[in-house]
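J.: Sharing a structure here in structure tokens format.
Just so it is clear, none of the values below were taken in a lab; they were calculated from the coordinates. Since the model is a prediction, treat every value here as computed from it, not as a measurement. Positions of Cβ are generated from backbone atoms using ideal geometry, with glycine treated the same way; all protein chains shown enter the neighbour counts.
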Amino acid sequence: MRRLLLLFLSLFLGVVLCGCGYQLEGRPANFPASWQTIYVSVWENPTSDIRFGEIMAEALRERIELAGDLKIASRDEADLILKGRVVSIQVGGLSYDEYTQTLERRVSVRAQAELLDREGHVIWRNSNIYRYEDYPVVKEIAGEEVDPGRKIALEKITRDLAEIIYHQIISAF
């Protein structure tokens with residue numbers, strides 16, 4: 001009787017999980033088996049934050065490696081190519097004290113990304129990627145404004161964008 005109850009519960013749980021669209025992370029069922037490797041290029045970046053394109057590519061590589069469903073490869077050996085472009089990085093004040101000194105800022109990033117197969121056919125594209133992060137401003141020290149929050153905010157944005165892009169690509173299949 002106990003085995004029958006466990007079998008029934010296992011079947012019920014399996015039906016419920018499959019019925020709600022839940023699946024374990026990993027290679028999607030409709031992802032072609034021939035796609036085993038991916039090249040992630042450094043993002044085009046016409047902004048003044050010159051390293052952001054490199055940092056974004058590295059965050060994507062780390063996210064893809066974490067999932068384990070594709071291996072990172074060189075451009076010549078890759079089955080897929082993921083490339084992106086930073087459209088803009090903007091920083092603006094959010095809150096001020098009574099003397100118009102900035103207390104909090106917002107950094108926002110607009111970007112585009114696409115996934116191509118070996119022949120250059122677009123498999124996935126998002127032309128309107130947007131993410132922002134707010135951060136406190138550190139008071140001036142010895143006449144120089146220190147802005148460590150901006151770097152921290154941009155690092156968080158890269159991790160968030162990598163996660164978003166990865167899941168958008170995977171969910172497309």
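J.: Length gain on complete extension for the stretch Ser171 to Ile50, per 0.36 nm per residue less the alpha carbon to alpha carbon distance? Please list the in-between numbers first.
T.: Working: separation 121, 0.36 × 121 = 43.56 nm, distance 3.08 nm.
Extending this stretch completely gives an extra 40.5 nm.
J.: Please give the FRET efficiency for Arg75 paired with Thr102, using the beta carbon to beta carbon distance and R0 = 41 Å, rounded to the nearest 0.05.
T.: Values: r = 42 Å, r/R0 = 1.03.
The computed FRET efficiency comes out at 0.45.
J.: Compute log10 of I(q)/I(0) for segment 34-171 with the Debye formula, placing one identical point scatterer on every Cα and leaving out solvent, at q = 0.13, 0.18, 0.20 Å⁻¹, to two decimals.
T.: -0.60, -0.96, -1.13
J.: Of all the stretches in the chain, which is the longest one without any exposed loop site, taking GluC sites (Glu not before Pro) in a DSSP loop (any state but H, G, I, E, B) with at most 13 other Cβ atoms within 10 Å? Show your work: numbers first, answer last.
T.: Details: sites that count: Glu25, Glu77, Glu98, Glu119, Glu140, Glu145.
Answer - 26-76.
J.: How much length is gained on full extension from Arg2 to Glu119, taking 0.36 nm per residue of separation minus their Cα-Cα distance?
T.: On the way: separation 117, 0.36 × 117 = 42.12 nm, distance 5.62 nm.
Gain on extension, Arg2 to Glu119, equals 36.5 nm.
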